[in-house]
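In what follows, a single structure is set out as structure tokens and then discussed.
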Amino acid sequence: MALDQDFWNQRNVEQQTGWDLGEASPPLVAIFDQIENKNASILIPGCGNAYEAQYLLEKGFTNITLIDIAPLLVKELQEQFVGNKHIHIICADFFDLEGQFDYIIEQTFFCALDPSLRKAYVDKMHSLLNPQGILTGVMFSQPFEIEGPPFGGTQEEYERLFADQFILNFSASAHSIPARQGHELKAVLTKR
Ligand SMILES: C[S@@+](CC[C@H](N)C(=O)[O-])C[C@H]1O[C@@H](n2cnc3c(N)ncnc32)[C@H](O)[C@@H]1O
């Protein structure tokens, strides 16, 4: 099964979006609340319904970029945020994105990708960050028995993947929603 544009678009058409929290994700909100520079450039890849973007706007952030591969979803986001100069919305494959950001936000995007792409994900994240830029968010802390997506993983695997290019800080996620409590790691990965 190819996890391509058609796959993700169809998941939205059929409303098979079990990952969707319906609100800004509490662990991400806690991360945003620690960012003092409201003009920091923030990328949310595989953004889904991007409730976090509304939260960022309300907090005064001015430079938010959303990217998702699913056209239907992106069209709805473009309608929702039409005319808002603080949000850039892109319909494309993350791996084709060019740019430089201070923060990149991870939530159920890494786990949505075929695991064969994990090294490419790490390389792409590194190339998209400014010097000392930060990739931060939450990642599942265990493998799943059922074939993904989502594809889980372990902290040990993530450490092996990211260590060469990032300064690592993984910890238990204190703000996860109840269904994910104990199953998520908070990641704060600073570009070397
Ligand atoms: C599991 S959903 C998570 C959405 C959102 N991060 C959330 O937590 O609600 C994965 C999202 O990544 C998008 N996606 C998958 N592969 C992608 C790619 N290569 N480039 C950009 N977006 C992608 C999908 O369309 C989908 O919206």
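The values are calculated or read from the model by the stated rules, or taken from the named source; none is laboratory data. Fair warning: this is a prediction, and the values are worked out from it, not measured in the lab. All Cβ positions, even for glycine, are placed from backbone atoms using ideal geometry, and neighbour counts span all protein chains on display. Each accessible area value is taken on the protein alone, full model and side chains, heavy atoms only, with ligands, DNA and RNA left out. Shrake-Rupley method; radii C 1.70, N 1.55, O 1.52, S 1.80 Å.
Residue 175 falls short on exactly one of the conditions (1) of a type outside the set (Lys, Arg); (2) surrounded by fewer than 19 Cβ atoms within 10 Å (Cβ to Cβ); (3) touching a Leu at 6+ places or on another chain (Cβ under 7 Å), and that condition is (3). Where helices (runs of 4 or more DSSP H) fall entirely within the stretch 1-89, those with at least 1 residues that are more than 15 Å from residue 105 (Cβ to Cβ) are at 5-13, 51-58, 71-80.
Looking across 90, 146, one residue alone is at pLDDT 95 or above and either among the aliphatic types (A, V, I, L, M) or within 26 Å of residue 57 (Cα to Cα) (or both). It is 90.
Working only within the stretch 124-153, note down all residues that are part of a helix (DSSP H, G or I), in contact (Cβ under 8 Å) with a residue 24 or more places away in the chain and away from the ligand (no atom under 14 Å from the Cβ). Correct list: 126 only. Residue 151 passes every criterion in (1) open to solvent by less than 70 Å² (accessible area, probe 1.4 Å); (2) farther than 30 Å from residue 16 by Cβ apart from (2). Here the stretch 178-191 is the region considered, the condition is being within 17 Å of the chain's Cα centre (by Cα) and hydrophobic (A, V, I, L, M, F, W, C), and the residue that is surrounded by the fewest Cβ atoms within 10 Å (Cβ to Cβ) is 188. Of all residues in the stretch 71-83, those being closer than 12 Å to residue 50 by Cβ and either near the ligand (Cβ under 9 Å from one of its atoms) or of a type outside the set (A, V, I, L, M, F, W, C) (or both) number 5. Residue 64: under 13 Å from residue 137 (Cα atoms) and either away from the ligand (no atom under 12 Å from the Cβ) or open to solvent by less than 10 Å² (accessible area, probe 1.4 Å) (or both), yes or no? No.
Do the conditions hold for residue 49, that is, is it open to solvent by 50 Å² or more (accessible area, probe 1.4 Å), touching a residue at least 12 places away in the same chain (Cβ under 8 Å) and away from the ligand (no atom under 14 Å from the Cβ)? Spell out how you get there, then give the answer.
Values: open to solvent by 50 Å² or more (accessible area, probe 1.4 Å): yes; touching a residue at least 12 places away in the same chain (Cβ under 8 Å): yes; away from the ligand (no atom under 14 Å from the Cβ): no.
For residue 49, the condition - open to solvent by 50 Å² or more (accessible area, probe 1.4 Å), touching a residue at least 12 places away in the same chain (Cβ under 8 Å) and away from the ligand (no atom under 14 Å from the Cβ) - is not met.
Taking the numbered list (1) under 23 Å from residue 4 (Cα atoms); (2) buried (at least 21 other Cβ atoms within 10 Å of the Cβ) in turn, residue 101 passes all entries but (1).
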